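Comments concern the structure below.
The values are calculated or read from the model by the stated rules, or taken from the named source; none is laboratory data. Predicted model only: the values in this text are computed from it and were never measured. Note that each Cβ is placed from the backbone with ideal geometry, even for glycine, and that neighbours are counted across all protein chains shown.
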């Protein structure tokens, strides 16, 4: 029985996460407790000032992992012991009792975002909000970077399935989050087993070159070794398996694969060489051998551009590694966690600066009747923009946490559908892989001048 | 009391890590158990075929984390439940009893590496070695990517201290490993508290713009807010603290900082603008105010090139975020885990291919009498190269694990000294930040032809 239930999405389930934090959050807390400002009401906002160079949209990810980690943001004895090295008694008492009791609003996970989109807003005392900065940003920056790159690959694949297989190119825990983010963005599954256990991401994969090399026997030929390996794999996994045919010679490998498994062979995988040319040759060879329904899986340094370049070739599935887990050139989403309101007063660093906008905000997305989006509007809470004739408006900001308790649906499947809907809502230019401006402009409406 | 003892270096201490694995490792295992090849003696080697584009050396990192995680590579009930969905009973029995009992050799952590350097060799049955592929590569690829980038920054800083503060730009657990890797490479410390708890990395940092903004009071001026924030920080942390002076206006910020803390103020931090120009202006202003020993910390999108560009400026410390935790353009080290020997027979994918070299190997580094290295020699075990006149040879490969038990010194401080020694051993060209070839060539000596 496969246990593919969707487990907790937090960092590592059940472990305290409070020290996944920058020291300055606790020294600020200590100073704020001492002068009494710690209990002022604060709103911190997570947003990206800009998209990675040339990107046209981003995919919000990390929301569920953060919300599920929140109850584990507690300072246990080991954490308090460390903190006692630099914090005073009042701060220690505060942290010993810490739990987040505030509210969180934001975009549902999987929603597209653009520059300035307030993907998360955290409300509470300054003290309870300030300590969440690093954890929130780590989760949003990594997961959104992977999901945003993965969505481009899903678009480039034009409906063909993609497998995430980059675990080995990422930190071992980041790999689990990357598998989840890629699946969220529309990948079919991942090689990562922990991602299946923890998040219900379907685990996929069959064999590596090592398995063929393992069947090396002195005095026999490479083709003998390869056939022995294929036979062992088919015996264990059935003819529906995927055989890796490029350990020695691809033409011989394909012939060996069909000779061993028969024309009902599920798939062959090619992991090297000019994948476009090889896919065509292998398709022809498979068809000639009667293996007309045997699929072709390609892998090996694929990114969204290489995937797009293979759209005219007889490729049935892509295996993607390094590029997806490293955000395909943008390994972090560049989101920031900024204090935007204190006791109802909008605040911002250097008020003349255009990049930071004070005040608690919501967002609304305008679209044509066809569903194609035209504008992202970020506006003060309770003051949505007028909807121009012929357009529809959709509120993007939803309640995520109330009084410290998650209130949103954190389901990964729903988030996955949201990404698919988002990609369909983009104007055509927004799906282009070439560098360009964000697919739609963001309009920032400042809070009304205060009297 | 600060509890800065060096904790376990594994993934997340005490947690099982067996599912941080690609599914194909277990399907290969199942097929190999079925046809009896699972018990053949195997050697897998971890190496990088090439360095990231233009890099001149790499820094080996991840060794201690892997060795400390090895005892936790066990299949508990939750793991077995998941595996039962696709593995047969024999495989289940094997995994239920799994523990690694083989040997591991490799470079000590912190040693430089070059293309083809066998940084890790894992020996045992095929079955016990094949399942470690993903975990080993995840740890080596991430940690080495960060350590390699960090070492370039340490070189660029020319002896000035560096603080790693990029936790928020990386997956929350990757951030802990990144802090460790940066410290290993010579950074002074990190903002990350868990890295102090888990690895003994000194935690540093004082405050963010949010703390100044928190002191916003309607009816007062920005300078009043800023002074109130500085006063609170100095009251809590003492005059030796670092005050962040660029929330509103830097000149006013510096004046406020010295007015509040006095000329004994520890440091000011500048996080935006043209850091070189600002550092000069701020130094002059501080000196004029009598704060001649107040240091200047700069941060904000620094990478090794920006750090080098500031060497002529009066900067006392660098805070580095995004670029170090993302490997400064190379977020993964590109290492692979390849089967190189089966029952004493050297094996390799496509024998004509130059990039993969069969057979169990050790490495030796040749240097001039001055200590400057000249060549990396990778050779069959027990068959070291002749040492040319005037050169010295140093064996790089050491025993790391024997019969499943770590036998090497895994100390982070020793690894840190090894990086520093390695950087001193590079030829001058090897320290250049510009793109170029590896600092020394790698010579691969093939195993003697077998009879």
Sort out which residues of region A:46-68 are within 11 Å of chain B (Cβ to nearest Cβ) and within 28 Å of residue A:347 (Cα to Cα), and write them in order of number.
A:46, A:62, A:66
Consider residue B:299 carefully, then state whether it is buried (at least 17 other Cβ atoms within 10 Å of the Cβ), at pLDDT 95 or above, closer than 16 Å to residue B:160 by Cα and within 13 Å of chain A (Cβ to nearest Cβ).
yes
Within region B:20-37, the residues that are outside any helix (DSSP H, G or I) and out of contact with any strand residue (DSSP E or B) (no Cβ under 8 Å at 6 or more places or on another chain) are B:36
Just wondering, is there one or more residues in region B:317-324 that are within 30 Å of residue B:398 (Cα to Cα) and either in contact with a helix residue (DSSP H, G or I) (Cβ under 7 Å, 6 or more places away or on another chain) or buried (at least 21 other Cβ atoms within 10 Å of the Cβ) (or both)?
yes
Against the conditions (1) assigned to a loop (DSSP other than H, G, I, E, B); (2) more than 30 Å from residue A:244 (Cβ to Cβ), where does residue B:350 fall short? Just the number, please.
(2)
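Matching residues to (1) closer than 20 Å to residue A:204 by Cα; (2) in the same structural domain as residue B:424 (by TED's automatic domain parsing):
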| site | (1), (2) |
| --- | --- |
| B:18 | yes, no |
| B:29 | yes, yes |
| B:46 | no, yes |
| B:50 | no, yes |
| B:64 | no, yes |
| B:69 | no, yes |
All positions within region A:177-197 that are buried (at least 24 other Cβ atoms within 10 Å of the Cβ) and more than 7 Å from chain B (Cβ to nearest Cβ)
A:178, A:179, A:180, A:181, A:182, A:183, A:184, A:185, A:187, A:190, A:195
So which of A:168, A:152 ends up being touching a helix residue (DSSP H, G or I) at 6+ places or on another chain (Cβ under 8 Å) and within 13 Å of another protein chain (Cβ to nearest Cβ)?
A:168
Helices (runs of 4 or more DSSP H) completely within region B:38-123 that count 2 or more residues being surrounded by fewer than 22 Cβ atoms within 10 Å (Cβ to Cβ):
B:77-83, B:89-96
Yes or no: region B:383-390 includes at least one residue that is part of a strand (DSSP E or B), over 28 Å from the mean Cα position of the chain (by Cα) and surrounded by fewer than 18 Cβ atoms within 10 Å (Cβ to Cβ).
no
Those residues of region B:198-209 which are within 29 Å of residue A:177 (Cα to Cα), within 8 Å of another protein chain (Cβ to nearest Cβ) and in a helix (DSSP H, G or I), in sequence order
none
